[in-house]
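Below is one structure, written out as structure tokens; the observations come after it.
The values are calculated or read from the model by the stated rules, or taken from the named source; none is laboratory data. What you see is a predicted model, and the numbers here were worked out from it, not measured in a lab. Heads up, the Cβs are rebuilt from the backbone with ideal geometry, glycines too, and the neighbour counts pull from every protein chain shown.
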Amino acid sequence: MGEFDLIVRSPGVRPDLLPDNVATTSVIREFLQRCPAPVIGVTGTQGKGTTCTAITAILIAAGRTAHLGGNIGRPPLDFLAEVRTDHVVVLELSNLQLIDAEVAPSVAVVLAVTPDHLNWHVDLEEYYAAKTPSTSRHKSGNLVVFDAANPVATRIAATSPGRKLALGDADGFHIRGRAIHLGPTEIVGAADVQLRGEHNLRNLTAAVAAVYDLVDGYTETIRAGVRVVRPLPRPAQRRLLQQRVGLVGI
């Protein structure tokens, strides 16, 4: 084997299988270290793609330039050169990508975390810990949005020194009668939601909470973005969003 100075870890390769005498990195680590724009990173066991799609749709409805990547959309390093400081990047982040992350997204969304990937992790605790860098690497000015009904998501969110938004809190973002509320105020009506199932409504609530400040809380903008998200297979959903709102990075 020839000499080399740096190993770029593929997400499928466990970090502990790499030589310990050579510097290592990953695509996500390099992107987060160099990205000049705010990054919203979404992790969890299920619903990441739907949540990322909804976040991006709301941002586009607000007139923001949004780049979607990670496990959905384009590989992040492919569009890094296009990102400007006034853009927003939305990343779907898996445990395989986060396990050795050294920088966290400025906004972390932690959906419900349930047992998974035990064919790759040594045990369940390692799987849970692999998602934790998305919040434990936060700075005090960062934000974490999390599913307060899920004990693991709550535990992961607690590692962040930043601001925390607990989904499901009656004073915060929560679901009432298939509508999304912020305290007593309806933000998204039942008629705006095109996705079926309580799980998808929770994903949309997470998306709304994640971008609320970035779109200045404009209810009509948020509703316009949510209306675009349809219950279609992922490739078809991406094409539909491109046609309707011209998403960048999908």
Checklist entry - Which residue out of 132, 159 is polar (S, T, N, Q), in contact (Cβ under 8 Å) with a residue 12 or more places away in the chain and within 14 Å of residue 44 (Cα to Cα)? => result 132
Checklist entry - Residues of the range 191-250 being modelled with pLDDT of 65 or more and loosely packed, with under 13 Cβ neighbours inside 10 Å, which ones? => result 191, 196, 197, 198, 213, 216, 220
Item to check | Which listed residue, of 160, 106, 94, is at pLDDT below 95 and small (Gly, Ala, Ser) | outcome: 94
Item to check | Residues satisfying the stated conditions in the range 22-37, i.e. within 13 Å of residue 80 (Cβ to Cβ) and β-branched (Val, Ile, Thr) | outcome: 27, 28
Checklist entry - For the range 13-59, which residues satisfy the criterion of being in contact (Cβ under 8 Å) with a residue 40 or more places away in the chain, in contact with a strand residue (DSSP E or B) (Cβ under 8 Å, 6 or more places away or on another chain) and of a type in the set (S, T, N, Q)? => result 24, 26, 43, 51, 53, 56
Next on the checklist: With the condition being of a type in the set (A, V, I, L, M, F, W, C) and at pLDDT below 90, I'd like the strands (runs of 3 or more DSSP E) fully within the range 14-73 carrying at least 1 qualifying residues.
Outcome noted: 23-26
Item to check | Among the residues listed as 90, 144, 110, the single one being touching a Leu at 6+ places or on another chain (Cβ under 6 Å) and β-branched (Val, Ile, Thr) | outcome: 90
Checklist outcome for this item: Taking first residues from the range 85-96 that are touching a residue at least 60 places away in the same chain (Cβ under 8 Å) and second residues anywhere that are among the acidic types (Asp, Glu), the pairs with Cβ under 9 Å that are 6 or more apart or on different chains are none
Item to check | the range 192-207 residues that are among the β-branched types (Val, Ile, Thr), paired with ones that are modelled with pLDDT under 95 (beta carbon under 7 Å, 6 or more apart) | outcome: 193/178
Checklist outcome for this item: Of all strands (runs of 3 or more DSSP E) fully inside the range 126-178, the set with 3 or more residues that are touching a Phe, Trp or Tyr at 6+ places or on another chain (Cβ under 8 Å) is 163-167
